[in-house]
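Inspection log for the structure reproduced underneath, given as structure tokens.
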Amino acid sequence: MIMEECDKNMKRQVYFISDSTGITVEALGHSLLSQFQELKFEYITLRYIDSLNKVENLCQTINENEDEARPLIFSTLVDGQMRAKLSKANAHIFDLMGEFLTPLEEILNTQASSALGHTHGQGPDKHYEHRMDAVNFALLNDDGITTKHLDRADIILIGPSRSGKTPTCLYLAMQYGVYAANYPLVEEDFELMRLPNALLERVDRLFGLSITAERLHQIRELRRPDSEYASLKQCRYEVSQIGILYRENRIPTCEVTQRSVEEIATRILPHLHLP
């Protein structure tokens, strides 16, 4: 491979190309490029590139690029003709499908179907419907709105307000079909230093989110600036009290301060209360 000199202060163009949603190629591409933190990248995602004409137009745009460094292209195009056409672009191509499909065809002694958009298709209807039901469950049981349906929960997330419980529940529901509820611990719980009865009755389903007081303060300041709720003193108090409750009730926890929703979810999955 030809090595190119590139100014580290100059943004390198990166294209994510997909014949469907682009979720897969974005996730893998970002994961790989995150290992080069000293470099700057300009990300361009092109979704539903599902015809030769679209690939030709893309190649023309890239070939007209006058930047010193050739762009990077991460592609999950499935169709062989479109992949071959894309390979002619004046760019560094990372053909993520081609890299694996050909060896798999040889091993399995079967040709791939080359069906567009199947990397993130809905799959069997029952799986899609289950995930949508899980999303509805997460919304219905968000932020302690009700406790009537907690017996259906695979997991109940607890923690201070603004620690990431809601987005984590929704991600678990959409990605894995997990029935996740969340319940914020509040001032009354800290004063009594005991979990609410609704949680004590289901302590085996609880999972706690931990966060530093400093990060919690930053997040709350965006929501309610200069309030007692967002003060560093209040955040330190809540984080301290919640830590005690977690330990006394032997609740498994995850430190979320520096973690993404995806990382938090993977920490939770082994603790699911499944039938």
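The values are calculated or read from the model by the stated rules, or taken from the named source; none is laboratory data. Quantities reported herein were computed from a predicted structural model and do not represent experimental measurements. Heads up, the Cβs are rebuilt from the backbone with ideal geometry, glycines too, and the neighbour counts pull from every protein chain shown.
Right, T76: β-branched (V, I, T) and out of contact with any Leu (no Cβ under 7 Å at 6 or more places or on another chain) or not?
Working: β-branched (V, I, T): yes; out of contact with any Leu (no Cβ under 7 Å at 6 or more places or on another chain): no.
So T76 does not fit the description; no.
If the condition is being at pLDDT below 95 and part of a helix (DSSP H, G or I), then the stretch 242-263 contributes V261, E262, E263.
A Cβ distance below 6 Å, combined with a sequence gap of six or more or placement on separate chains, defines the contacts here; from the stretch 50-79, residues that are assigned by TED's automatic domain parsing to the domain that holds V25 and in contact (Cβ under 8 Å) with a residue 24 or more places away in the chain reach residues that are of a type in the set (S, T, Y) and part of a loop (DSSP other than H, G, I, E, B) in the pairs T76/S18; V78/S114; D79/S114. Scoring E263 on the criteria (1) closer than 30 Å to E129 by Cβ; (2) buried (at least 19 other Cβ atoms within 10 Å of the Cβ); (3) acidic (D, E) leaves a single failure, condition (2).
Restricted to the stretch 49-86, and to residues that are crowded, with 19+ Cβ neighbours inside 10 Å and polar (S, T, N, Q), which residue is nearest to T102 (Cα to Cα)? Step by step, filter the stretch 49-86, then rank; the result is T76. Among the residues of the stretch 210-263, those that are over 24 Å from P196 (Cα atoms) and touching a His at 6+ places or on another chain (Cβ under 8 Å) comprise S231, L232.
Check the stretch 138-148 and report whether any residue there is β-branched (V, I, T), in the same structural domain as V256 (by TED's automatic domain parsing), assigned to a loop (DSSP other than H, G, I, E, B) and surrounded by 15 or more Cβ atoms within 10 Å (Cβ to Cβ). Walk me through how you get there before you give the answer.
Within the stretch 138-148, the first condition is being β-branched (V, I, T), and the residues that meet it are 145-147.
Filter once more, so that each one left must be in the same structural domain as V256 (by TED's automatic domain parsing): 145-147.
Keeping just the survivors that are assigned to a loop (DSSP other than H, G, I, E, B) gives 145-147.
Pick out the ones that are also surrounded by 15 or more Cβ atoms within 10 Å (Cβ to Cβ) and you get 147.
Yes, because at least one residue in the stretch 138-148 is β-branched (V, I, T), in the same structural domain as V256 (by TED's automatic domain parsing), assigned to a loop (DSSP other than H, G, I, E, B) and surrounded by 15 or more Cβ atoms within 10 Å (Cβ to Cβ).
Contact annotation: residue pairs with Cβ atoms under 7 Å, 6 or more positions apart or on different chains, pairing a residue in the stretch 95-113 that is touching a residue at least 60 places away in the same chain (Cβ under 8 Å) with a partner that is of a type outside the set (A, V, I, L, M), are L96/F74; L96/S75; L96/T76.
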